[in-house]
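Report on the following structure.
Just so you know, all these numbers are worked out from the coordinates, no wet-lab data involved. This one's a predicted model, so the numbers in the text were calculated from it and none came from an experiment. Please note: Cβ atoms are built from the backbone with ideal geometry, for glycine as well, and neighbour counts cover all protein chains shown.
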Amino acid sequence: MTQTLVLTIIRKALLTILTVASPVLIVALVVGLIISILQATTQIQEQTLSFVPKIVAVFLTLILLGNFMLNKLLSLTKDLYGLIENLI
């Protein structure tokens, strides 16, 4: 196993992590920002008001993009198992 192969594996893994995690994080960030702006303009300081919409938005994102995320992770796993086969 060469150094370039290891660096390629690490690069692919990091890109996969970013690709899989970013939709959920972006949705949570946007919903949190919208709720914060709403709370600031209406002066409602209820703690649960910020958590419930974020949880619902994250669950909806996981439902809508779960198949895409799973396929990306499976593709990386298949590539890694293929590399293991070539080493033996």
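Data table
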quantity	calculated
0 to 90° range, to nearest 10: angle between helix 48-87 axis and the chain longest Cα axis	0 degrees
Between 0 and 90°, nearest 10: helix 3-42 axis offset from the chain longest Cα axis	10 degrees
Sites E85 and L15 - FRET efficiency at Förster radius 22 Å, r taken between beta-carbons, to 0.05	0.50
Max mean-square fluctuation residue, GNM over the chain, Cα-Cα springs under 10 Å, options T42, T61, T16	T42
L49/S22 FRET efficiency (R0 22 Å; Cβ-Cβ; nearest 0.05)	0.30
Mean Cα-pair separation over length for segment 21-87, i.e. relative contact order, pairs under 8 Å, 6 or more apart, %	38 percent
